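Report on the structure given below.
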Amino acid sequence: MILNRLKVVLFIFTLLTAGTAWAVDMDSAVEARQAFMKVYEFNLDLLSDMASGDTRFNRRRAQVAANNLLALARMNNTAMWPIDTDETHPLLRDKTSAKAQVWEEVSDVAYRHATLTRTLERFAWYGTRDARSLKRELKNVQSACKGCHQRYRSKR
Ligand code: HEC
């Protein structure tokens, strides 16, 4: 628990200080975080296809995808979120769908990120044993993604 709380505090700190690191321009930061999210999606889709039966369950492939998701969640990508690079920024209006709330509710964003990480830790352990466990556990991962999107990503 203490470790988790420490991680959240560290995450918030890096989010707050990320704004000063303007060496990387805003456009590439936005592109990088969207690419990051796409790699999440790619691995999640492999798993969803197995869960729905579109592709046959394969334990090794499921484990690789689960490990990849966890590796992504553990990556520190705070530099991809420079302060105020949201959809209301005049230069980013057509480029990002990140809402301004991302930077207004930093601790909640960090909490949701930590929740996803914890869910993926569990998933990598319990979710890849067989098709049934995959189906059961994947729902938690999907809702951790969805919960953050509903609040912080606008539909465009
Ligand atoms: C802590 C919040 C949060 C979590 C958790 C999260 N996302 Fe995102 N996601 C965002 C935000 C904010 C954006 C908008 C980024 C932008 O457009 O700059 C986004 C954008 C995306 C996009 C669109 C990328 C593009 O090309 O525009 C995809 C796909 C995506 N997320 C997939 C996922 C998946 C899959 C998961 C779970 C494994 C996930 N996300 C978890 C916040 C989150």
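The values are calculated or read from the model by the stated rules, or taken from the named source; none is laboratory data. Here the structure is a predicted model, which is why all the values come from computation and not from measurement. Backbone-built Cβ (ideal geometry, glycine too); neighbour counts: all protein chains shown.
Can we say L70 is within 11 Å of the chain's Cα centre (by Cα), more than 9 Å from the ligand (Cβ to nearest atom), more than 21 Å from Q150 (Cβ to Cβ) and assigned to a helix (DSSP H, G or I)?
Yes, satisfied.
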Check your understanding: With respect to V30, is the statement that it is surrounded by 13 or more Cβ atoms within 10 Å (Cβ to Cβ), modelled with pLDDT under 95 and over 27 Å from L134 (Cβ atoms) true?
Key -> no
Practice item. Answer yes if at least one residue in the stretch 8-17 is within 14 Å of the ligand (Cβ to nearest atom) and either at pLDDT 95 or above or not in a helix (DSSP H, G or I) (or both), and no otherwise. Key: no
Review point. Mind checking which residues of the stretch 56-96 are out of contact with any helix residue (DSSP H, G or I) (no Cβ under 8 Å at 6 or more places or on another chain) and of a type in the set (D, E, K, R)?
Key: R59, R60, E87, R93, D94
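Listed here are the residues, each with its yes/no results for (1) over 17 Å from A32 (Cβ atoms); (2) modelled with pLDDT of 95 or more.
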{"site": "N58", "(1), (2)": "yes, yes"}
{"site": "R61", "(1), (2)": "yes, yes"}
{"site": "M75", "(1), (2)": "no, yes"}
{"site": "D86", "(1), (2)": "no, yes"}
{"site": "L91", "(1), (2)": "no, no"}
{"site": "A100", "(1), (2)": "yes, yes"}
{"site": "T117", "(1), (2)": "yes, yes"}
{"site": "R122", "(1), (2)": "yes, yes"}
{"site": "A131", "(1), (2)": "yes, yes"}
**Study point:** Selection count where residues are under 16 Å from V141 (Cβ atoms), surrounded by 16 or more Cβ atoms within 10 Å (Cβ to Cβ) and of a type in the set (A, V, I, L, M, F, W, C), scope the stretch 59-81
**Key:** 7
